[in-house]
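Enquirer: One structure follows; several queries about it will come next.
No value in this document is a laboratory result; all are computed from the given coordinates. Model, not experiment: these values are computed from the prediction. All Cβ positions, glycine included, derive from the backbone under ideal geometry; neighbour counts span all protein chains shown.
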Amino acid sequence: MNQTSTWKELVEGCANGNRAAQMETYRRVWRDIYPAVWRIVRDKSQAEDIMQESIIKGFELLGTLQKAETYPAWQRRLAVNDALMWWRKRSPQPTILSPDEIQVEESSNDENYDWNSIERELNNLPEGYRMVIQLHALEQMKHEEIATMLQISASTVRSQYSRGLALLRTQLDERKVRTYH
């Protein structure tokens with residue numbers, strides 16, 4: 001197997017236990033999936049462990065994959081789910097604030113922010129807001145899916161997402177003001 005192998009060839013090779021296919025598959029998906037896992041667990045060593053275990057589990061579950069071309073997205077979902085399960089075990093009662101627990105001012109500033117600023121401020125959000133924003137905006141999970149994963153209602157997810165974005169926008173605006181003074 002090599003860099004020009006198709007996903008169909010790689011998946012078939014992995015299903016047949018071909019080590020070269022497994023290594024090439026691992027190499028291809030690692031760089032795209034690892035950042036998503038790291039953003040959830042926020043620990044390099046743990047993220048690497050989850051990635052390895054998830055990819056091995058993916059190889060074992062290849063019989064459930066319907067289309068080989070969807071393997072990268074399918075494997076990403078497995079890894080994100082594994083990271084979320086780890087997160088839930090570590091923090092069985094996620095700290096998700098109710099709408100009444102935080103006052104957020106809506107910002108009318110629609111300026112674009114650089115990714116480093118956004119990521120820095122995202123990490124400063126309350127854990128529940130951060131997790132919901134990451135899963136919906138970055139992992140493109142639906143609110144209902146997030147609700148199931150976090151064991152909360154979909155309306156709470158929508159509220160946390162909205163309020164988290166508003167708080168993030170406020171923090172970015174405040175950071176911009178501090179930078180200019």
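Enquirer: Give me the net charge of residue 41's neighbourhood, meaning all other residues with Cβ under 14 Å from the Cβ of residue 41; Lys, Arg count +1, Asp, Glu -1. Intermediate results must be reported in sequence, preceding the final value.
Expert: Working: positive: 39, 42, 44, 88, 89, 90, 130; negative: 43, 48, 49, 53, 82, 127, 139.
After counting each charged neighbour, the total is 0.
Enquirer: Which ³J(HN,Hα) values in Hz, rounded to whole numbers, follow from the phi angles of region 159-171 under the Karplus curve 6.51 cos²θ - 1.76 cosθ + 1.60, where θ = phi - 60° and Gly and Pro get x?
Expert: Values per residue, Gly and Pro as x: 5, 5, 5, 4, 5, x, 5, 5, 5, 4, 4, 4, 4 Hz.
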